[in-house]
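K.L.:
Here it is, the structure, as structure tokens.
The values are calculated or read from the model by the stated rules, or taken from the named source; none is laboratory data. None of the values given here were measured: they were computed from a predicted structure. Ideal geometry is used to build each Cβ from the backbone, glycine not excepted, and the neighbour counts take in all protein chains shown.
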Amino acid sequence: MSNGLIAIGEYNGTIQIWDINKKELVGTHGVENDPILALAIDPRTSNMVAGTKKGKLFLLKANMERDGGIP
């Protein structure tokens, strides 16, 4: 969790980022047919790392409001 944000990785390759204060979905990122197995958010920088079953790593920005979305 970073600044009231949580990230959920799904087996279908989707990452959902939720704002728990507003109770709303603020962003998604998908990797087709590659299950998300690990997520970590740095609370100081709002950077998020996601790891997949096939060994891919993604560095994303978790704070949508400040940074304008996930690349």
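K.L.:
Tell me which residues, restricted to segment 21-71, are acidic (Asp, Glu) and either modelled with pLDDT of 90 or more or surrounded by 15 or more Cβ atoms within 10 Å (Cβ to Cβ) (or both). Spell out how you get there, then give the answer.
P.N.:
Quick first cut of segment 21-71, residues acidic (Asp, Glu) only: 24, 32, 34, 42, 65, 67.
Within segment 21-71, Glu24, Asp34 meet the criteria.
K.L.:
Please enumerate the residues belonging to segment 23-39 that are out of contact with any helix residue (DSSP H, G or I) (no Cβ under 6 Å at 6 or more places or on another chain) and more than 16 Å from Tyr11 (Cα to Cα). Break it down into steps so the answer makes sense when it comes.
P.N.:
Going residue by residue through segment 23-39, those that are out of contact with any helix residue (DSSP H, G or I) (no Cβ under 6 Å at 6 or more places or on another chain) are 23-25, 28-39.
The answer is Lys23, Glu24, Leu25.
K.L.:
So which residues in segment 1-20 are touching a Leu at 6+ places or on another chain (Cβ under 9 Å) and surrounded by 15 or more Cβ atoms within 10 Å (Cβ to Cβ), if there are any at all?
P.N.:
Those that are touching a Leu at 6+ places or on another chain (Cβ under 9 Å) and surrounded by 15 or more Cβ atoms within 10 Å (Cβ to Cβ): Ala7, Gly9, Ile15, Gln16, Ile17, Trp18, Asp19.
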